[in-house]
Amino acid sequence: MTLINASFRHAGAQQLAQSLLAARQATLSLFDCYTYAGLDVVAGMPHHPQLSPPLWQLGNIAWFAEWYILREAPSSHPADAVYNSLLTRGDDLFDANMVDHRARWSLDLPSPGAVKTYCHEVLDRVLDKLSREANVDSALAPYRLALAHEDLCGEQLLAGLQWLGLKGPEAQPASPSLPLAAGEISFPGGSIELGSRRDGGFAFDNECPPHACYVPPFTIDAVPVSNAQFADFVSDGGYQNRQFWSAAGSAWLMQQERSSPLYWLRDGMQWRTMRFGQRMTLPLHEAVRHINLYEAQAYCAWAGRRLASEAEWEYAALSGHPVFQWGHVWEWTATPFEPYPGFAPDAWREYSAPYFMQHQALRGAAFATPLRLRSARMRAFQAPQRVDGFTGMRTCAW
């Protein structure tokens, strides 16, 4: 594993410098895809209620690094920055806490060239400052945070390209095939420590503090549900049979009038799909993606199974079992996104807290998630109805 792909959670200054450069190269490659389609300015972008305009997101990535590293803000409170922004009205334009999603579509943003210049200037100063930092966790914490933020934003930019039907970067990661007949794994259960320790390295605030948790015996799929398996559900009338759907799922389904997952297209006797603007045969042995919580729950009801809890998923992922595979898609769990006992927000105060009790917990990582960001303890989260992310599922049973 190369240095930039190793976990960033305990990364030293050299690894952070290389990873920050790699992340920025990936970000700009993604932004170039929007530019080629004439969507680098907000006026040309089709509106999406959950996604941000790519030009705004590019500026926010630079602003975030500037805020925590160059401006030495100890938290996201608007008054906490020690220094002014390099960009005139930078806070008014790119502070996500001050500019909600709707407002981002009507801002008078700088030109793409000016935003790119701002990005380059911030990164140059960040790397220069990093080269003079003590190689200790307290000094490196804001750099790790900025890297995590840019990696998370990069996955959102890629999801936006898929939604718009645009070609992705040449170097974008491919989705691996699942092994055939992987089966399921039985675990005896027992007490585990759920969550991450604050041992000097990086941890997202929603992973903390660790706490004891008892997990009853369970069985779980060795790999996520494949397109072939989900196609059986679709062919068996899964979207038409309301007995498989929760009340919330049925309400969503009636609004969408959907009879298959997003981007699936029936072509005679086979399924085809749209991948970044290209029509292709649906890869049957890849993990199903772009399904929401309601679709995942309905599949489980049809299959006589259920979604795993967060604790079960983490138990299995940390077991070291050679057959258990993850990292193909973010996986829906049966657990509402809630704070762990004793939760306290970190410097990025709005990362988790606003979404508790409103979103559902996701576990794992997607093919599009940088290797350095992946952790079996990472808790992602998403609104139950959303389908634009790279979300899939695996099933579980008692």
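The values are calculated or read from the model by the stated rules, or taken from the named source; none is laboratory data. From a predicted model like this one, the values you see are computed outputs, not experimental measurements. FYI the Cβ positions are ideal-geometry reconstructions off the backbone, even for glycines, and counts take in every protein chain you see. Calculation scope for accessible area: heavy atoms of the full protein, side chains included, ligands and nucleic acids excluded. Shrake-Rupley method; radii C 1.70, N 1.55, O 1.52, S 1.80 Å.
Here are the numbers for the structure shown:
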item: Globularity index of the stretch 1-110, i.e. its alpha-carbon radius of gyration over 2.2 N^0.38 Å; result: 1.19
item: Viscosity 1.306 mPa s, 10 °C: Kirkwood-radius Stokes-Einstein D of the stretch 283-398 over Cα pairs, µm²/s; result: 107
item: Rotationally averaged projected area of the stretch 218-350 (alpha carbon convex hull; nm²); result: 11.1
item: Pairwise centroid distance, computed over Cα atoms, of the stretch 177-218 with the stretch 308-333, Å; result: 7
item: Residues whose placed amide H lies under 5 Å from that of GLU184, excluding near-sequence neighbours; result: ALA222
item: Cubic angstrom per residue, convex hull over Cα atoms of the stretch 143-252; result: 228
item: Residues whose placed amide H lies under 5 Å from that of GLN382, excluding near-sequence neighbours; result: GLN360, LEU362
item: Low-density loop positions, GluC sites (Glu not before Pro), the stretch 287-383 - DSSP coil, at most 12 other Cβ in 10 Å; result: GLU350
item: Lys/Arg +1, Asp/Glu -1 at C-beta; the stretch 149-260 dipole; positive extreme among LEU161, VAL215, GLN229; result: GLN229
item: Computed Kirkwood radius, in angstrom, where 1/r is averaged over Cα pairs of the chain; result: 22.2
item: Point-charge dipole on Cβ atoms (K/R +1, D/E -1) for the chain, about Cα centre, debye to 20; result: 600
item: Heavy atoms of ARG197: accessible area, 1.4 Å probe, square angstrom to 10; result: 140
item: Cα-based equivalent ellipsoid, the stretch 174-222: semi-axes from gyration tensor eigenvalues, Å; result: 28, 20, 7
item: Surface share of carbon and sulfur [accessible, 1.4 angstrom probe, percent] for the stretch 257-307; result: 51
item: Under 5 Å, built H, 5+ apart or other chain: amide partners of GLU286; result: LEU178, ASN227, ALA228
